[in-house]
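Encoded as structure tokens, the structure appears first; notes follow it.
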Amino acid sequence: METKEVTVFHLEMFEPNNRAVPAPRDGLSVIHVTSPTVEFYRSIYDPIGNDYNWRSRRKMSPEALLAIIGDPLDEMHVLHVNGTPAGFAELDRRRPNEIELVQFGLMPEFVGQRLGTWFLQWTIDKAWSYQPKRFWVHTCTLDHPAALPTYQKAGFILFKQEVIQQIIG
């Protein structure tokens with residue numbers, strides 16, 4: 001394992017963006033998984049995050065992870081393409097008046113099909129349906145190169161940027 005310098009971008013929005021993004025294809029659905037098992041969660045999280053060094057949930061014990069994903073205020077929404085899981089969004093509503101987009105991504109075989117923009121807008125609309133005062137996300141230079149510009153085009157505003165040392169591998 002090596003250590004790498006990584007820039008982390010913290011972004012937020014304080015009101016809905018009221019943007020319409022047409023579905024890029026037929027056969028799209030999003031399912032709210034109300035009680036995900038650790039195994040199911042990791043079956044989605046691991047392949048999506050593998051290329052981007054997502055480690056936070058991998059390092060957690062099954063009990064610690066279940067304590068988070070088993071909370072009804074932590075929501076897992078899985079994007080499906082013709083019934084096949086294609087991505088997921090995790091909304092953390094546990095803090096009053098704010099929602100964090102904790103995880104967001106697509107399975108590798110679905111990247112580059114314009115699904116991310118549509119699914120991000122679906123996720124933004126879902127978050128604002130709860131009427132928070134603030135909706136926020138963070139991304140970093142290890143994530144897909146389109147992540148930061150996609151968040152910004154969707155209306156998220158950068159409020160903090162920091163450089164950290166991250167263990168890679």
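The values are calculated or read from the model by the stated rules, or taken from the named source; none is laboratory data. As the structure is a computational prediction, the values presented were derived from the model and not from experiment. Neighbour counts are summed over all protein chains in view; Cβ atoms, including those assigned to glycine, are modelled from backbone coordinates with ideal geometry.
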Worksheet item: All but one of (1) exposed (fewer than 13 other Cβ atoms within 10 Å of the Cβ); (2) at pLDDT 95 or above; (3) among the aliphatic types (A, V, I, L, M) hold for Met1; which doesn't?
Response: (2)
Worksheet item: Going through region 32-48 one residue at a time, which ones are assigned to a helix (DSSP H, G or I) and not aromatic (Phe, Trp, Tyr)?
Response: Val38, Glu39, Arg42, Ser43, Ile44, Asp46, Pro47, Ile48
Worksheet item: Residues in region 147-169 that are at pLDDT 95 or above and surrounded by fewer than 16 Cβ atoms within 10 Å (Cβ to Cβ): how many?
Response: 10
Discussion item. Looking at region 44-55, can you tell me whether even one residue there is in contact (Cβ under 8 Å) with a residue 24 or more places away in the chain, surrounded by fewer than 18 Cβ atoms within 10 Å (Cβ to Cβ) and among the basic types (Lys, Arg)?
Written reply: yes
Fill in: strands (runs of 3 or more DSSP E) lying entirely in region 59-169 (those with 3 or more residues that are closer than 15 Å to Ser29 by Cα)
74-81, 84-92
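The rows are residues; the columns are (1) modelled with pLDDT of 95 or more; (2) within 20 Å of Pro16 (Cβ to Cβ); (3) loosely packed, with under 13 Cβ neighbours inside 10 Å.
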| position | (1), (2), (3) |
| --- | --- |
| Glu63 | yes, no, yes |
| Thr84 | yes, no, yes |
| Gly87 | yes, no, no |
| Ile99 | yes, yes, no |
| Leu120 | yes, yes, no |
